[in-house]
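The values are calculated or read from the model by the stated rules, or taken from the named source; none is laboratory data. These figures come from a predicted structure and were not determined experimentally. Here the Cβ positions follow ideal geometry from the backbone for every residue, glycine too, while neighbour counts run over all protein chains shown.
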Amino acid sequence: MKEQTLILGTRGSKLALIQSEQVKAALLRYDPALRIEMRIIQTQGDRILDTALSKIGDKGLFTKEIEKHLLAGTIDLAVHSLKDMPTRQPDGLLLAAVTQREDPADVLISKGNRSWSQLPAGAVILTGSLRRRAQVLASRPDLRIQDVRGNIQTRLAAFEGGSADAMIMAAAGLKRASLESRITEAFSPRQFLPAPGQGALAVEIRRDDRRLAGIVSVLEDAASRAATTAERTLLARLEGGCQVPIGAYAWLEADRLCLKGLIADLEGKRGIRGQMEGHIQEAASLGERLAEDLLRRGGREILEELPPRDSASPPANATRKGNG
């Protein structure tokens, strides 16, 4: 019987292709007889590059079109950056595997190789993330924020060709793209909280495809699944996304799962932080409990005071320039 060719759907950016090739290679190591072809699918987030993510919404910006192809059967599996995935999946689809997590930290890239503490007052920092923006201003209200969009190469080019002093990006993408030499300084993910799921890849398939579920299960990393489940459950309970400054980071200590969370305002003037821990098998309930704690201690008021989802805007000292 002729072996079926699996069609893997992916975005077309250099990083997305690198990540999809890594998943393809891992599957072929498990079963060299597999036949896998890549199909590039452009998403809304790839098409709209002149508007901040906080202005165009975040419900599947980088996943919706790919998921439509999955449901239609024109592709068999998809590889996403987990942090780009909405916390609710379309009916009929399954998050079949969460890969071993790459470095979840955010990092600083600066001109003159200046560290965070060496950046002068008034230095301009590029980021397209409200979460990063809020944490930067909470730590250094003397800094100025400019928005930046695009893939890794686009953002690096904008930084190099512009007047900004530094930029904040995810370590995982830079490392997967072999660009870690650009990193000036890494922020501790327990202090500068990353996006929920940051650093992990997700493999999505149709829920009824049991054969493929068995094949991709080899990619599953239990520790990464537990940590990101806690983070994404917190995010889901807070109904957050690119338009809300929410950070979360979970890590394992023996069989205990530790989770930190943050709700902040857009200017970084107010932030509610919390930490809880539980058994690794309680990941979802841990996320829910910490979310409720953050809401109870002032997070609800912060969320209620944020601009409407379709009009979220940066603080007054920010200017728009152009994917964070």
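Considering each of Ile168, Ile205 in turn, give the residue that is within 18 Å of the chain's Cα centre (by Cα) and buried (at least 19 other Cβ atoms within 10 Å of the Cβ). Quick ask: steps written out before the conclusion?
Values: Ile205 fails: within 18 Å of the chain's Cα centre (by Cα).
Testing whether each residue is within 18 Å of the chain's Cα centre (by Cα) and buried (at least 19 other Cβ atoms within 10 Å of the Cβ) leaves just Ile168.
A single member of Leu119, Leu137, Leu126, Leu156 is surrounded by 14 or more Cβ atoms within 10 Å (Cβ to Cβ) and either among the charged types (D, E, K, R) or farther than 20 Å from Gln191 by Cα (or both), and it is Leu156. Number of residues in segment 230-240 that are in a helix (DSSP H, G or I) and crowded, with 23+ Cβ neighbours inside 10 Å: the value is 7.
Taking the criterion of being crowded, with 18+ Cβ neighbours inside 10 Å and charged (D, E, K, R), the residues of segment 87-116 that qualify are Arg101, Glu102, Asp103, Asp106.
Scan segment 244-276 residue by residue and report those that are part of a loop (DSSP other than H, G, I, E, B) and among the β-branched types (Val, Ile, Thr).
In the first step, residues of segment 244-276 are kept if they are part of a loop (DSSP other than H, G, I, E, B); the result is 244-245, 254-255, 265-270.
Scanning segment 244-276 gives a single hit, Val244.
From the list Ile152, Ile205, pick out the single residue that is β-branched (Val, Ile, Thr), within 25 Å of Arg11 (Cβ to Cβ) and modelled with pLDDT of 95 or more. Reasoning before the result, please.
On the way: Ile152 fails: modelled with pLDDT of 95 or more.
Checking each option against the conditions leaves just Ile205.
Please verify whether segment 181-198 includes one or more residues that are among the aromatic types (Phe, Trp, Tyr) and more than 17 Å from Ser81 (Cα to Cα). Scanning segment 181-198, I find at least one residue that is among the aromatic types (Phe, Trp, Tyr) and more than 17 Å from Ser81 (Cα to Cα), so the answer is yes. Residues that are surrounded by fewer than 20 Cβ atoms within 10 Å (Cβ to Cβ), acidic (Asp, Glu) and within 15 Å of Val136 (Cα to Cα) do not occur anywhere in segment 275-288.
Among the residues of segment 121-137, how many are small (Gly, Ala, Ser), more than 17 Å from the chain's Cα centre (by Cα) and outside any loop (DSSP other than H, G, I, E, B)? Full working, then the answer.
Applying the first criterion (small (Gly, Ala, Ser)) to segment 121-137 yields 121-123, 128-129, 134.
After this cut, where a residue has to be more than 17 Å from the chain's Cα centre (by Cα) as well, the list is 121-123.
Next, from what is left, pick out any that are outside any loop (DSSP other than H, G, I, E, B): none.
So the answer is 0.
Among the residues of segment 176-193, is any within 19 Å of the chain's Cα centre (by Cα), surrounded by 24 or more Cβ atoms within 10 Å (Cβ to Cβ), more than 23 Å from Leu27 (Cβ to Cβ) and not assigned by TED's automatic domain parsing to the domain that holds Arg131? For segment 176-193, residues within 19 Å of the chain's Cα centre (by Cα), surrounded by 24 or more Cβ atoms within 10 Å (Cβ to Cβ), more than 23 Å from Leu27 (Cβ to Cβ) and not assigned by TED's automatic domain parsing to the domain that holds Arg131: present. Residues in segment 241-267 that are small (Gly, Ala, Ser) and within 20 Å of the chain's Cα centre (by Cα) were compared, and the one that is surrounded by the fewest Cβ atoms within 10 Å (Cβ to Cβ) is Gly241. Scanning segment 289-302 for residues that are buried (at least 22 other Cβ atoms within 10 Å of the Cβ) and of a type in the set (D, E, K, R) yields a total of 0.
For segment 176-195, does any single residue satisfy the condition of being over 22 Å from Leu15 (Cβ atoms), in a helix (DSSP H, G or I) and in contact with a helix residue (DSSP H, G or I) (Cβ under 9 Å, 6 or more places away or on another chain)? No, segment 176-195 has no match at all.
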